[in-house]
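As structure tokens, the structure follows; a few thoughts come after it.
The values are calculated or read from the model by the stated rules, or taken from the named source; none is laboratory data. Everything numeric here is computed off the predicted structure, so don't read it as measured data. All Cβ positions, even for glycine, are placed from backbone atoms using ideal geometry, and neighbour counts span all protein chains on display.
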Amino acid sequence: MFRFVLGKLAYLVPTFIGITIVAFGFVRVLPGDPVLLMAGERGLTAERHAELSAQLGFDRPIWQQYLDFLGRLFQGDFGTSLVTKKPVLTEFFTLFPATLELSLCAILVATLVGLPLGIFAAIRRGSWFDQISMSSALVGYSMPIFWWGLLLIIFFSGVLGWTPVSGRISLMFYFPTVTGFMTIDSLLSGQDGAFTSALSHLILPTIVLATIPMAVIARQARSAMLEVLGEDYVRTARAKGLSAWRVVGLHALRNALIPVITTIGLQVGTLMGGAILTETIFSWPGIGKAMVDSISRRDYPSVQGGLLIIAALVMTVNLLVDLLYGLINPRIRHR
Amino acid sequence: MTSTTTEIEPVAATGLRAQLSEFWHYFSVNKGAVIGLWVFVALALVALFAPLIAPHDPIEQVRDALLMPPAWAEKGDARFLLGTDAVGRDILSRLIFGARYSLFIGCVVVVVALSGGILIGLVAGFFGGWVDTVIMRVMDVILAFPSLLLALVLVAILGPGLTNAMIAIALVLQPHFARLTRAAVMAELPREYVMASRVAGAGKMRLMFRTILPNCLAPLIVQATLSFSGAILDAAALGFLGMGAQRPTPEWGTMLAEAREFILAAWWVVTFPGLAILITVLAINLMGDGLRDALDPKLKRS
């Protein structure tokens, strides 16, 4: 197992170096003077330009600039935002809990709905339940979620007036940040109605962000279950006269879940992409919206840092999924 | 695929016809796929004949008909079936012209990503060794970024616009094709027919493109369909974020971006463009499912 983990880690090193090169190179290939782009100052004199260039290291050979960049990364220096003048890493940690809360809720909902849907669809293959749930899954899979979010706002916020349109909590409430998760912090604050407010802000974004993962999980669960149900050991179990529930629950489900768990883990990338759109629609103050804002404000250090952190995050989660897969499926580990 | 069989025309023709009819047999079992195909054909016709079908010019602004609701709604106007937007443009006409953009985006992106991916995947799979390692690590790096985020950043580099959005999306989708091609090539390389061709003196180019590639096409076709719908979704998302097609282009995502401020005042400006995206993407995905079932020998028995 230890060697398996080491092997996986070694495999990641080149990819991670590649990511740093992309993030480093991003600023170089932008049209325009990198000094002006990274310093964010307008109308520079020649001296100020030279001074900034030296300060930012642009006067040195490119490979040395890259090594400097790497060195700063290892010291936790991801650059400074041009807009807020705060370190990118600090900014990231303020914004990340919002995205994490939303993503966790979304993947939870997607799994809790998608998994049973797919499994029952497979068991009752060809039934109306199978057809309806798989048609819905395909619609969900094809959904332009930015439009879906707007529709939900029109209906639930506009017509019914049930949910707020944007933000994480009503402005009436103020309490210190403890975990960064608005639902938990509001409970801790003990203020009346704070939790309900946080929850009502969370519902629509969660549905929107969960839509595509839910569809993917349902479809994957169905096909994995169908495959397992066709295996010899399931037929043997049936032939032995075991009850249908025992066959499905004990023999089939456990094996069908293995690829599904991987699928769930691999939704992190989808979630991060979806977060960009979902957070933009609902003005959710997370990293997805921050990335879009940074791009349109030409806050390139923030874009560079964000790109790096998000890619590293997605990569790490994918690695964990890989390891988990090895843990629950020994055939992979010993290969 | 047809050009490889010119010398033995008659046999090849029936072979191809037989293949096609077998394909259609499996494809048409899937009712959804057939529906998807017809919807897609209809959309393609609408796109093709847009100037003839559209009742209005897509960027013509009718000043006395701003935010007009659909014809069947109260205060609707029969001139504008699906209503007008905030500057008095006919939504139906804009949607009809928008079909051109979406299908065009899908085609261009898939062609670029597919040809790039096939080339890269063939080289990686065929040559192996360090060439393979380097190429596949680069693909891993591209895949490590969430695709929409990478496309956004690429557009930030290249500058907002439809062409740049298409380039960015093609670049982001391309590694999937490269990986598939490489895997298929590595599965085919040790086969006897490849060896036979090699012994017969076929050059590297011939081996790659004529001997091996035609036998790797099935998964690529399925992936191409998925990428087609993915490209339309991503382009619309970029348009929605203001980084894709620019106003007043009647691209569906861009239309949604313009409509955003009116969502609570005029539901129709938001509803119809999104519905058009959903129907198009759904039709293509239905086709994709049918193609997968028809082309994947493992699933044929079921």
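The table for this structure:
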{"item": "Residue within the stretch B:55-65 that is of a type in the set (A, V, I, L, M) and under 26 Å from B:Phe228 (Cα atoms) present", "result": "no"}
{"item": "So A:Phe74, is it within 29 Å of A:Ile203 (Cα to Cα) and of a type in the set (Phe, Trp, Tyr)", "result": "no"}
{"item": "Criterion violated by A:Val228 - all others in (1) within 14 Å of chain B (Cβ to nearest Cβ); (2) under 29 Å from A:Pro144 (Cα atoms) satisfied", "result": "(2)"}
{"item": "First in the stretch A:284-307 and assigned by TED's automatic domain parsing to the domain that holds A:Ala98, second anywhere and among the charged types (D, E, K, R), Cβ under 7 Å, 6 or more apart", "result": "A:Trp284/A:Arg168; A:Pro285/A:Arg168; A:Gly286/A:Glu279; A:Gly288/A:Glu279; A:Lys289/A:Glu279; A:Ser302/A:Glu91"}
{"item": "Any hit, the stretch A:98-116, residues being under 17 Å from A:Arg222 (Cα atoms), touching a helix residue (DSSP H, G or I) at 6+ places or on another chain (Cβ under 7 Å), assigned by TED's automatic domain parsing to the domain that holds A:Ala210 and loosely packed, with under 14 Cβ neighbours inside 10 Å", "result": "no"}
{"item": "Which numbered condition B:Gly242 misses (of (1) buried (at least 23 other Cβ atoms within 10 Å of the Cβ); (2) touching a residue at least 40 places away in the same chain (Cβ under 8 Å))", "result": "(1)"}
{"item": "Qualifying residue in the stretch A:191-200 (condition: in contact (Cβ under 8 Å) with a residue 24 or more places away in the chain, among the charged types (D, E, K, R) and more than 14 Å from every other protein chain (Cβ to nearest Cβ))", "result": "no"}
{"item": "Close pairs from the stretch A:139-150: first more than 7 Å from chain B (Cβ to nearest Cβ), partner among the β-branched types (Val, Ile, Thr), Cβ under 6 Å, at least 6 apart", "result": "A:Gly140/A:Thr211; A:Ile145/A:Val208; A:Ile145/A:Thr211; A:Trp148/A:Val208; A:Gly149/A:Val208; A:Gly149/A:Ile281"}
{"item": "One residue from A:Met214, A:Met182, A:Met143 being modelled with pLDDT under 90, closer than 22 Å to A:Ile107 by Cα, in the same structural domain as A:Pro285 (by TED's automatic domain parsing) and hydrophobic (A, V, I, L, M, F, W, C)", "result": "A:Met182"}
{"item": "Boolean, A:Leu266 is surrounded by fewer than 22 Cβ atoms within 10 Å (Cβ to Cβ) and more than 26 Å from A:Arg168 (Cα to Cα)", "result": "yes"}
{"item": "Failed condition for B:Phe80, given (1) within 13 Å of chain A (Cβ to nearest Cβ); (2) surrounded by 24 or more Cβ atoms within 10 Å (Cβ to Cβ)", "result": "(1)"}
{"item": "Residue list for the stretch A:15-30, restricted to those being within 9 Å of chain B (Cβ to nearest Cβ), closer than 17 Å to B:Val155 by Cβ and not aliphatic (A, V, I, L, M)", "result": "A:Phe26"}
{"item": "Filter result for A:Ile212 (surrounded by 14 or more Cβ atoms within 10 Å (Cβ to Cβ), outside any loop (DSSP other than H, G, I, E, B) and within 22 Å of the chain's Cα centre (by Cα))", "result": "yes"}
{"item": "Restricting the stretch A:95-105 to residues that are away from every other protein chain (no Cβ under 14 Å) and touching a residue at least 40 places away in the same chain (Cβ under 8 Å), the residue that is farthest from A:Met214 (Cα to Cα)", "result": "A:Leu95"}
{"item": "Selection count, the stretch B:264-283, where residues are more than 22 Å from the chain's Cα centre (by Cα) and at the interface with chain A (Cβ under 8 Å from one of its Cβ atoms)", "result": "4"}
{"item": "Whichever residue in the stretch A:73-105 is of a type in the set (D, E, K, R) and not in a loop (DSSP other than H, G, I, E, B) and, among such residues, is modelled with the lowest pLDDT", "result": "A:Glu91"}
{"item": "Tally of residues being without any contact (Cβ under 8 Å) to a residue 24 or more places away in the chain and at negative phi across the stretch A:66-90", "result": "11"}
{"item": "Residues within the stretch B:249-263 that are part of a loop (DSSP other than H, G, I, E, B) and either under 12 Å from A:Phe146 (Cα atoms) or within 8 Å of chain A (Cβ to nearest Cβ) (or both), tallied", "result": "1"}
{"item": "Condition check for B:Ser93: under 24 Å from A:Pro144 (Cβ atoms), part of a helix (DSSP H, G or I) and polar (S, T, N, Q)", "result": "yes"}
{"item": "Sole residue being in contact with a strand residue (DSSP E or B) (Cβ under 9 Å, 6 or more places away or on another chain) and not β-branched (Val, Ile, Thr), chosen from B:Asp57, B:Asp64", "result": "B:Asp57"}
{"item": "Of the criteria (1) facing chain A (nearest Cβ under 10 Å); (2) in a helix (DSSP H, G or I), which one B:Ile118 fails", "result": "(1)"}
{"item": "Filtered residue count, the stretch B:140-158, keeping only those that are closer than 18 Å to B:Phe240 by Cβ and facing chain A (nearest Cβ under 7 Å)", "result": "7"}
{"item": "Subset of the stretch B:67-77 (residues that are modelled with pLDDT under 80, loosely packed, with under 15 Cβ neighbours inside 10 Å and of a type outside the set (D, E, K, R))", "result": "B:Ala71, B:Ala73"}
{"item": "Residue in the stretch B:94-108 that is free of Cβ contacts under 8 Å to residues at least 12 places away in the same chain, in contact with a Pro (Cβ under 6 Å, 6 or more places away or on another chain) and more than 19 Å from B:Arg210 (Cα to Cα) present", "result": "no"}
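This table checks each residue for (1) at pLDDT 80 or above; (2) surrounded by 13 or more Cβ atoms within 10 Å (Cβ to Cβ); (3) out of contact with any His (no Cβ under 8 Å at 6 or more places or on another chain); (4) assigned to a loop (DSSP other than H, G, I, E, B).
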site: A:Phe4; (1), (2), (3), (4): no, yes, yes, no
site: A:Leu12; (1), (2), (3), (4): yes, yes, yes, no
site: A:Phe16; (1), (2), (3), (4): yes, yes, yes, no
site: A:Val27; (1), (2), (3), (4): no, yes, yes, no
site: A:Pro31; (1), (2), (3), (4): no, no, yes, yes
site: A:Val35; (1), (2), (3), (4): no, yes, no, no
site: A:Gly43; (1), (2), (3), (4): no, no, yes, yes
site: A:Phe58; (1), (2), (3), (4): no, yes, yes, yes
site: A:Gly71; (1), (2), (3), (4): yes, no, yes, no
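Quick grid of which residues meet (1) surrounded by fewer than 21 Cβ atoms within 10 Å (Cβ to Cβ); (2) of a type in the set (Gly, Ala, Ser); (3) within 13 Å of chain A (Cβ to nearest Cβ); (4) assigned to a helix (DSSP H, G or I):
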{"position": "B:Leu122", "(1), (2), (3), (4)": "no, no, no, yes"}
{"position": "B:Thr133", "(1), (2), (3), (4)": "yes, no, yes, yes"}
{"position": "B:Ala165", "(1), (2), (3), (4)": "no, yes, no, yes"}
{"position": "B:Val172", "(1), (2), (3), (4)": "no, no, yes, yes"}
{"position": "B:His176", "(1), (2), (3), (4)": "no, no, yes, yes"}
{"position": "B:Val185", "(1), (2), (3), (4)": "no, no, no, yes"}
{"position": "B:Pro219", "(1), (2), (3), (4)": "yes, no, no, yes"}
{"position": "B:Ala231", "(1), (2), (3), (4)": "no, yes, yes, yes"}
